[in-house]
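Colleague: The structure that follows is given in the form of C-alpha cells.
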Amino acid sequence: MELAPLYASHLATVLARAETALARGGFDHLLIASGVAKYQFLDDRPYPFAANPHFVHTAPLPGHSDGWIAITPGRKPVLVYHQPADYWHLPPAAPEGFWVEHFDLRVIRRPEEAAAHLPGNGRLAIIGEADAALEGLVPNNPAAVLDYLHYQRAFKTPYELACMRLASVPAVRGHAAAEAAFRAGLSEFEIHRAYLGASGQNDLSLPYGNIVALNRHAAVLHYQYQDIAPPSRSRAFLIDAGATHLGYASDITRSYGDGDARYGALIAGVERAQLALVDQVRAGRDYRDIHLDAHRLLGGVLHDLGVVKMSPESQLETGVSAAFFPHGIGHLIGLQVHDVAGFAASDAGGTIDKPAGHPFLRLTRSLAPGMVVTIEPGLYFIDMLLAPLRQGRHASAIDWSLVEHLAQFGGVRIEDDVVCTEGDPENLTRDAFAAL
C-alpha cells in the first residue's frame, strides 16, 4: 500500500486544522512536544515510551522522544529531530522516508538545543506534558486549541485509514496463532508468546497489554496476568489483542470454547448480536443508541438460552442486563486505542452525557463518515455483579444452575474495528481475517 501520496494529503489536512485551531485560540504558532523518556523512581530503568499523539498525528514517529514540531500558518512546518550521540543505547536512525520532504528538518544532539529552532516570540500554543518544557517554552495546552484538534481527530483521513488497515493485518495473524495455541492446550503465557511471534510485535509495540484469558479469567474485563502453567483443562479462551502501524492501533477480541454446547451457543449468540451492531455503524447514528441496542440484543441472547426469564426490554429497564454486560459497546480508535473526544459536543467543547445508568460508555457522539469505532458486545459471569442479583427481586428470573455452568467459562466478548462511511460500514477486522 503506497502511503506517500496519502500522507501528503493527510499532512495538508493536519496543517489546515492547526491553522483553524490557532485562529480560534488567538495564537500565532503551534508547538508540539513529542515527550521525554521517564524513569522509575530511584532507578535508571525507563518506562515504555509513547510519543504525544499530536506529534504522531503530524509526523509518523511514534517512538521518537525529545522531538518538536512547530507549525506556523503559511510556512513549512519545522521538525526538530533528536538524534543523540549515544553508545549506551541505539539512537534513532537518520531521518528518512516518505514524510521527510514535507518538513524543514533540524537535527539536534541534545534536547535543550531544540529551543533555538522554535519560535520564541508571538503567541504560542504549546502542546505536551509539563516535563517536556524547554527554557522559555512551557506547555500551556490551551483548551480552545485542544478542543478543536481533538474533535477533528475523530474524522480519519485516507492515510490514517490505510495505517489502520495495515495494523489489522499482523493482529489477525496473531489471533490465528493464539487460537491454535489454545487448541493445543498451552498456557496463557505460551499463547501470548505465540501471538507475539505470529504478529511480529513485541510487548513494547503492542497498542495495549494483551488480554490472554483462559477459563474464569475471561470474566475479568481487563485481565492483566498470564499464568505460566496451563490449567488442568482449558474450557474457554478470550483474547483481546491488537497491533500498531506507524502509531495507529487495531483492537480485536475473540472468544473460543472447548466444544461445550451451552457455551458454544453463548458464543454464537454474541456473534450474531455483534454483527447486527456492526451494521448500525452508519452516518447519523447516535452511538448511545447502539449501546442501548446492544443491551437489548444481548438480553435476547440471555433470554433465548434460558439464562434470564425476562424480556430484553425488561432486562434493560431493570438493570439486569448490566450485570452480564457491564461495559460500553465500544469507543473511538486511532492513534490511541481509546481515542480522544468521545464525549465532545462540538469542536468548541462541551459534553454529551452518557445514558443514565451506563457509566462506562466511552463514546456518546453521533457517527459520521471517517470515524472508526470498536463494536465489542460481551456477556460475562462476574461474581461481584451477580451477587446483588441473587439477593434482589429478580433472582427468581435467573436460571442459577445454568449460570453456575457457564461461569466455568468466564464469559464471551467479540470485538471488531469498524469505519463509518457514506454507505455500508467497513469492517477492518473481518476484512483482515478474510484475507488470511
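Colleague: What are the residues in the range 62-120 that are over 30 Å from Asp44 (Cα atoms), of a type in the set (Phe, Trp, Tyr) and surrounded by fewer than 16 Cβ atoms within 10 Å (Cβ to Cβ), if any?
Modeller: Once the filter is applied, which keeps residues that are over 30 Å from Asp44 (Cα atoms), of a type in the set (Phe, Trp, Tyr) and surrounded by fewer than 16 Cβ atoms within 10 Å (Cβ to Cβ), the range 62-120 yields only Phe98.
Colleague: Pick from the range 315-360 the residues that are farther than 22 Å from Gln280 by Cβ and of a type in the set (Gly, Ala, Ser): which of them is surrounded by the most Cβ atoms within 10 Å (Cβ to Cβ)?
Modeller: Ala323
Colleague: Further, regarding this structure: Is it the case that the range 356-364 has a residue that's basic (Lys, Arg), in the same structural domain as Pro207 (by TED's automatic domain parsing) and within 16 Å of the chain's Cα centre (by Cα)?
Modeller: yes
Colleague: For the range 123-139, what are the residues that are modelled with pLDDT under 95 and closer than 16 Å to His29 by Cβ?
Modeller: Result: Gly136, single match.
Colleague: Can you tell me which residue among Leu379, Leu406 is at pLDDT 95 or above, at negative phi, assigned to a helix (DSSP H, G or I) and of a type outside the set (S, T, N, Q)?
Modeller: Leu406
Colleague: Still on this model: Looking only at residues in the range 233-276 that are touching a Pro at 6+ places or on another chain (Cβ under 8 Å) and of a type in the set (A, V, I, L, M), which one is surrounded by the most Cβ atoms within 10 Å (Cβ to Cβ)?
Modeller: Selected residue: Ala243.
Colleague: Next question. Return yes or no: is Arg173 over 17 Å from the mean Cα position of the chain (by Cα) and assigned to a helix (DSSP H, G or I)?
Modeller: So Arg173 passes the test.
Colleague: Looking only at the range 277-312, which residues are under 24 Å from Phe237 (Cα atoms) and either surrounded by fewer than 16 Cβ atoms within 10 Å (Cβ to Cβ) or modelled with pLDDT under 95 (or both)?
Modeller: Correct list: Asp304, Gly306.
Per-residue answers, yes or no, for (1) buried (at least 16 other Cβ atoms within 10 Å of the Cβ); (2) closer than 22 Å to Arg430 by Cα; (3) not polar (S, T, N, Q):
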residue	(1), (2), (3)
Met164	yes, yes, yes
Ser168	yes, yes, no
His175	yes, yes, yes
Ala180	no, yes, yes
Leu186	yes, no, yes
Phe189	no, no, yes
Asn210	yes, yes, no
Gln224	no, no, no
Ile228	no, no, yes
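Colleague: Out of everything in the range 87-115 that is assigned to a loop (DSSP other than H, G, I, E, B) and of a type in the set (Gly, Ala, Ser), what residue ends up being nearest to the chain's Cα centre (by Cα)?
Modeller: Filtering first and then ranking leaves Gly97.
Colleague: Further question on the same structure: Are there any pairs, at least 6 apart or on different chains, whose C-beta atoms fall under 8 Å, with the first in the range 80-97 and without any contact (Cβ under 8 Å) to a residue 12 or more places away in the chain and assigned by TED's automatic domain parsing to the domain that holds Pro46 and the second of a type in the set (A, V, I, L, M) and loosely packed, with under 10 Cβ neighbours inside 10 Å, and if so, which?
Modeller: Qualifying pairs under 8 Å: Pro91/Ala85.
Colleague: When the residues of the range 50-65 are filtered to those that are hydrophobic (A, V, I, L, M, F, W, C) and in contact with a His (Cβ under 9 Å, 6 or more places away or on another chain), which remaining residue is nearest to Pro91 (Cα to Cα)?
Modeller: Across the range 50-65, the extreme among qualifying residues is Ala51.
Colleague: Here's something else I'd like to know. Let me spell it out: the conditions are (1) surrounded by 21 or more Cβ atoms within 10 Å (Cβ to Cβ); (2) part of a helix (DSSP H, G or I); (3) touching an Asp or Glu at 6+ places or on another chain (Cβ under 9 Å); (4) among the hydrophobic types (A, V, I, L, M, F, W, C), and Ala18 meets all of them except one. Which number is the exception?
Modeller: Single failed check for Ala18: (3).
The values are calculated or read from the model by the stated rules, or taken from the named source; none is laboratory data. This is a predicted model, so every value here is computed, not measured. We place every Cβ from the backbone using ideal geometry, glycine too, and count neighbours over all the protein chains shown.
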